[in-house]
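Colleague: This is the structure, below, for whatever I ask next.
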Amino acid sequence: MIVIWGGTLASKLFFNGLMFGFDYGLYHPDGALYSFRTLLMSGVDKVEAGRIVAEWYQENSFKSKPSGPDLYFENSQFRWYTYKPRILFPLLSIPFVKLLGVPGMLAVPALSYLVVFLVTAYVAQNLKLPLMGILIGFWMSCSITISRWVFSNTTDGLLLLFTSVLVVLLFKNQALKFNFHFSLLLVFITSLSALTRFSALFWFGVALIFLIHRRIGTALLLASVTVISHIPIFLQPISGHVLKGSSDQSILGKLVDYPKLLARYTVVEVGQLLVLDRLLLAGLLFAFLCSILNLKSLSSQVFIISIITLWLTGSIDGTPGVNFRYQLPIIPLCCWVLLDSYHKRKTLSSPTKSV
């Protein structure tokens, strides 16, 4: 799996991630502010940090030509308040930026993607399906959509790390029995994920899984932690980022427009995958079908509820055509579903030994 990940990384770096002129390459516009904040946390002066990032983007970015260090300052057009609560990615990137400069911002997302491969290998080994695990690893590595986000200086790859840890926790405790260390780790990854990007709906969905299985205490704990950890996000001016595709600026008007926006968002997002990444779309549809056929399985339940909550998260943002960005955390869960479904089918088809 490490070899597959390394090959995927090398391919991304060599081709710089560009596809049909649609991509931003390795350095996404959002990553400029994360890079700036990392330099600030590293002790670099504000003006100097802005100059370093601006010059780097002018020379190395694609379709993004920021200029002037003041672009990244507080209250600038880069919407500092939107990224203000997202401190985890800059903090983790400090040692890599000190060592490599701005390119060090690519390290945390790339290493997070490595965890996805390792978790997939872990599940495959425990289900005694190592070859199936390798096949799924190749499937991930061939997706230009996944590579676009996990090898870019944004928080998207880091969020995959937490859903990968969630897969391990649920895989090892499929009865969802209360366990102090299990609950502590759930609280830990839920809290940290709120420091990467808005993910409340996803964790509410996970809490719903516990509620369905009558683990009411854990469900309430997870829901409470989700609310508390997202308070810094809710305290920011978010009205301009909710249902941005709506022509009506009032909350009530946006809610009335929402069904139409959801339909438009779905058509555009699925259409994009159909054009740009049919392999990823096929794998997701197959995983969804497996989940429907294997609905009693925990992996299937988590996958279905998670894809719904992640889809709602993307549609609430109201920006269609962002190439599966908001749904990216589903990938580790998708790998688990594929492995689990194949394992159950293989077990059922195996002849029983006579006693």
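The values are calculated or read from the model by the stated rules, or taken from the named source; none is laboratory data. Since the model is a prediction, treat every value here as computed from it, not as a measurement. Here the Cβ is made from the backbone with ideal geometry for all residues, glycine too, and neighbour counts use every protein chain on show.
Colleague: For the stretch 283-307, which positions are among the small types (Gly, Ala, Ser) and either within 18 Å of residue 160 (Cβ to Cβ) or more than 19 Å from the chain's Cα centre (by Cα) (or both)?
Modeller: 283, 287, 291, 297, 299, 306
Colleague: Looking at the stretch 252-285, which of its residues are loosely packed, with under 12 Cβ neighbours inside 10 Å and at pLDDT below 75?
Modeller: 252
Colleague: Continuing with the same structure: Please pick out the residue among 158, 211 that is under 19 Å from residue 299 (Cα atoms) and assigned to a helix (DSSP H, G or I).
Modeller: After ruling out the rest, the residue left standing is 211.
Colleague: Going through 192, 166 one at a time, which residue ends up being surrounded by 22 or more Cβ atoms within 10 Å (Cβ to Cβ), hydrophobic (A, V, I, L, M, F, W, C) and assigned by TED's automatic domain parsing to the domain that holds residue 209?
Modeller: That would be 166, the only listed residue that is surrounded by 22 or more Cβ atoms within 10 Å (Cβ to Cβ), hydrophobic (A, V, I, L, M, F, W, C) and assigned by TED's automatic domain parsing to the domain that holds residue 209.
Colleague: Among (1) in a helix (DSSP H, G or I); (2) more than 27 Å from residue 129 (Cβ to Cβ); (3) at pLDDT below 90, there is one condition residue 312 misses while meeting the rest; what is its number?
Modeller: Here residue 312 meets the rest and fails (3).
Colleague: Residue by residue through the stretch 170-203, note down the ones that are outside any loop (DSSP other than H, G, I, E, B) and either farther than 26 Å from residue 235 by Cβ or out of contact with any helix residue (DSSP H, G or I) (no Cβ under 9 Å at 6 or more places or on another chain) (or both).
Modeller: 170, 171, 172, 180, 181, 182, 183, 184, 185, listed by residue number.
Colleague: Sticking with this one: Within 20 Å of residue 1 (Cβ to Cβ), at pLDDT 95 or above and hydroxyl-bearing (Ser, Thr, Tyr), is that true of residue 164?
Modeller: Judged against the criteria, residue 164 is a match.
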